[in-house]
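The values are calculated or read from the model by the stated rules, or taken from the named source; none is laboratory data. What you see is a predicted model, and the numbers here were worked out from it, not measured in a lab. Backbone-built Cβ (ideal geometry, glycine too); neighbour counts: all protein chains shown. Surface accessibility is based on the protein's heavy atoms, side chains included, excluding ligands, DNA and RNA. Shrake-Rupley method; radii C 1.70, N 1.55, O 1.52, S 1.80 Å.
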Amino acid sequence: MSVFIKLVENRPPKEYANERRADISYDDTVEENSEITYQYDVLASGALRILRVTRGEEAVIHAVYAPGLWFRVEGLCRGTTE
């Protein structure tokens, strides 16, 4: 499963006429001899971490989003980290 993030749109009112997508998607991939999946966890601070998991290896942090930058996430959750 992929991880999908809905970001908070924060821009001046005059720019609302210009459509902007505030979504980010990390898509799982299967490449030759490797399978990469994305998962997420949420730190106690509210920061969202996107983890890249390659089969047979430990998860690595791929991206971090500040608590005020995102408001919804879907996908495989590894839990909440204190």
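Okay, here's what the table says:
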read-out	value
Cross-chain or 6+ apart pairs with Cβ under 7 Å, region 52-75 first and free of Cβ contacts under 8 Å to residues at least 40 places away in the same chain and under 16 Å from residue 24 (Cβ atoms), then open to solvent by 70 Å² or more (accessible area, probe 1.4 Å) and of a type in the set (Lys, Arg)	62/52
Considering residues of region 24-49 that are exposed (fewer than 10 other Cβ atoms within 10 Å of the Cβ) and among the acidic types (Asp, Glu) only, the residue nearest to residue 3 (Cα to Cα)	31
Hits in region 1-23 - residues which are closer than 21 Å to residue 46 by Cα and either modelled with pLDDT of 80 or more or open to solvent by 100 Å² or more (accessible area, probe 1.4 Å) (or both)	2, 3, 4, 5, 6, 7, 10, 23
Residue list for region 50-68, filter: farther than 13 Å from residue 7 by Cβ, modelled with pLDDT under 95 and either open to solvent by less than 60 Å² (accessible area, probe 1.4 Å) or small (Gly, Ala, Ser) (or both)	53, 54, 56, 59
Lone qualifier among 36, 61, 50 - being assigned to a strand (DSSP E or B) and either among the hydroxyl-bearing types (Ser, Thr, Tyr) or closer than 13 Å to residue 74 by Cα (or both)	50
